[in-house]
Amino acid sequence: MSRDQSPTLVPFTIDLTFEEAWRRAEVVAALGPDRDPVAALRSENEAYALLYSGLDAEQQRTYDRLVAAGVLPDEDPGSAAAR
C-alpha cells in the first residue's frame with residue numbers, strides 16, 4: 001500500500017494472440033478431417049427452407065414482415081448461415 005493507505009495498482013496486460021490461435025487450432029482439429037463446410041452450408045440452407053415451407057397465409061405475412069424488418073434472413077443462398 002502507498003503512504004495514504006490506498007492500494008497501489010499495478011498495470012497488468014496479457015496478449016491473447018497465442019491462446020486464440022491455439023483455441024482455433026483445437027476447434028479445427030476437433031472437427032476432424034472429414035468435415036465438409038460446403039455440404040454443411042448446403043444442409044443448413046435446406047433445413048432453413050424446410051423450416052419455413054408450408055406456411056399458411058397469416059404465417060407467410062408474418063414471415064415476410066420479419067424478413068423485411070431484418071429479424072430473419074432472406075431466402076438468398078447462404079444468408080441463413082451468414083447471420
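The values are calculated or read from the model by the stated rules, or taken from the named source; none is laboratory data. Keep in mind that what you see is a predicted model, and the values were worked out from it rather than measured. Reconstructed Cβ throughout: ideal geometry from the backbone, glycine too, with neighbour counts over all protein chains shown. Remember, those area values only see protein heavy atoms, side chains included, never the ligands or the DNA or RNA. Shrake-Rupley method; radii C 1.70, N 1.55, O 1.52, S 1.80 Å.
Numbers at a glance
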| read-out | value |
| --- | --- |
| Rounded if a/c under 1.5, otherwise prolate or oblate - the chain, Cα gyration tensor axes | oblate |
| Solvent-accessible heavy-atom area per residue, rounded to whole Å², over the chain at 1.4 Å | 89 |
| Residue order for Val38, Val27 - accessible surface, 1.4 angstrom probe, largest first | Val38, Val27 |
| Helix runs (DSSP H) in the chain reaching 18 Å along axis by Cα, Kyte-Doolittle at least -0.5 | 17-31, 37-51 |
| Sites Phe18 and Glu46 - FRET efficiency at Förster radius 41 Å, r taken between beta-carbons, to 0.05 | 0.60 |
| Cβ-defined net charge surrounding Ala30, 14 Å radius [Lys, Arg +1; Asp, Glu -1] | +1 |
| Structure-based [θ]222 nm, the chain - -39500 (n - 2.57) summed over DSSP H runs of at least 4, per residue, nearest 500 | -17000 deg cm²/dmol |
| Accessible carbon and sulfur surface of the chain relative to its total accessible area, %, 1.4 Å | 59 |
| Label-point separation in nm, Val67 to Val27, each point 7 Å along Cα→Cβ | 2.9 |
| Amide proton proximity set for Leu72, modelled H, under 5 Å, gap of 5+ | Val67 |
